[in-house]
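*Asks:* Submitted below is the structure of interest, expressed as structure tokens.
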Amino acid sequence: MPVLATGYFDGIEADQANHRIFLADRKDSGIDVIDTSGATPKFLGTIDLGAPSNGLAFAPDRHRLYAGIEGGSLAVVDMNKGSATYLKKIDEVKVDPATADLIDYSPNTGRVYVSTSEGGKVVAVDAATDKVVDNYDLKTPLEQPRYNPADGKLYVTAHGANYLLQVNPADGSVTRRYTLSARCRPNGLAINPGRQLALVACGSSVVLIKLDTGLNSISLKVPGGDIAAYDARLDRFTVGSAHGPRDSSIAVMDGHGNFVGSVPAASNSKGAVFDDASGLVYAVGAAGLLSFSPSQCAPPPDWLTFAGGMAVYATPMLLFVLFLIWYARHRARRDPRKPAGPTWDELRDEDHIRERERIRELEDAIYGPVVEPGFEG
């Protein structure tokens, strides 16, 4: 798809029921639409938004696609196939004087949460009325907001303060701060609500945080990332790691945060999505579109991982045992015609004789030679 190969993209979303992929096309100030229903994906066109687009969020229950656009507005696109305005922008909600960046939609609350990036706020928009209903001023540059239905809290990556913030949507108060490393500078965020696990894409790594306990771990297998997403049906995370023409990649991790695999990608591959029907991952590629199947590099079962770890210690011991068996058999195959070696008793008698000779030499050195009676020199 040459039209995609030359573009510059940010957010990526999917309509699983209708097999559509949406790309926030900043170069063409719109949303590119790709049909993945057939054997070969097809480019359907670009939805004009009138401004460069950033984050995307799809609301299947409302047949709406949302986009944060430059100029500080949230664009609303009609996704109802039977509508006369299908695949057209039908509304625009002002949320900030400058920027509407990454966004998230929650069917639980019926709200779209919009980050204003450097503005330091998250704005909540009612999806039923397209009106701003809440404004959470967190006073620090922000990246990705995600609503967690497991605990009813809103989580936001604070790019400027190196925090993952937990926000109470009822009053906008920060109820918890998850401290990240000083070099993290968090970007994307994805949440597995079933395991209360958050994946935070940092500048050079990925951090996994248990939201209930606060325990975290760092994975260096993904060299940083931009946009992270979680697919509940397939229980998989995706991370777009766009660094340059030589070291960009798309990584997949399972629902526990274990690294599954990654593939090289284009320098504008900031994010990726799953097609639930086929299990394929789609992202922007050097030729326009990239797809791959992570099932070919699925993680090994736990018993195999345990066995592999034990093999580090068991292998040297096994080799030593095999050497002893080989040596014993080698000794047993000795030629019977060869003279047998001395027995243990014979070796003991030889030691006694040598010891008596040594004592006699010592006495001669001290007292002189012993002269026998009747001996005349």
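The values are calculated or read from the model by the stated rules, or taken from the named source; none is laboratory data. A quick note: this is a predicted structure, and the numbers were derived from the prediction, not measured. No Cβ is skipped: glycine too gets one built from the backbone with ideal geometry, and neighbour counts run over all protein chains shown. We work out accessible area using only protein heavy atoms, side chains counted, and drop any ligands, DNA or RNA first. Shrake-Rupley method; radii C 1.70, N 1.55, O 1.52, S 1.80 Å.
*Asks:* Determine whether segment 253-260 contains at least one residue that is of a type in the set (Phe, Trp, Tyr) and closer than 25 Å to residue 122 by Cα.
*Replies:* Let us first name the residues in segment 253-260 that are of a type in the set (Phe, Trp, Tyr), namely 259.
Remaining after also requiring closer than 25 Å to residue 122 by Cα: none.
No; the residues of segment 253-260 include none that is of a type in the set (Phe, Trp, Tyr) and closer than 25 Å to residue 122 by Cα.
*Asks:* Buried (at least 24 other Cβ atoms within 10 Å of the Cβ) and under 22 Å from residue 56 (Cβ atoms), is that true of residue 277? Before you say what the answer is, go through the steps one by one.
*Replies:* Values: buried (at least 24 other Cβ atoms within 10 Å of the Cβ): no; under 22 Å from residue 56 (Cβ atoms): yes.
Against the criterion (buried (at least 24 other Cβ atoms within 10 Å of the Cβ) and under 22 Å from residue 56 (Cβ atoms)), residue 277 does not qualify.
*Asks:* Can you name every residue in segment 156-187 that is open to solvent by 70 Å² or more (accessible area, probe 1.4 Å), assigned to a loop (DSSP other than H, G, I, E, B) and more than 20 Å from residue 102 (Cα to Cα)?
*Replies:* Matches in segment 156-187: 170, 171, 182, 183.
*Asks:* May I pose another question? Residues that are at pLDDT below 75 and in contact with a helix residue (DSSP H, G or I) (Cβ under 8 Å, 6 or more places away or on another chain): does segment 306-323 have at least one?
*Replies:* Step one: of segment 306-323, the residues at pLDDT below 75 are 306-315, 323.
Going one step further and asking which of them are in contact with a helix residue (DSSP H, G or I) (Cβ under 8 Å, 6 or more places away or on another chain), we end up with none.
No, that holds for no residue.
*Asks:* Taking segment 70-91, which residues are free of Cβ contacts under 8 Å to residues at least 24 places away in the same chain and open to solvent by 20 Å² or more (accessible area, probe 1.4 Å)?
*Replies:* From segment 70-91, those free of Cβ contacts under 8 Å to residues at least 24 places away in the same chain are 78, 80, 82-86, 90; that's our starting set.
80, 82, 83, 84, 85, 86, 90, listed by residue number.
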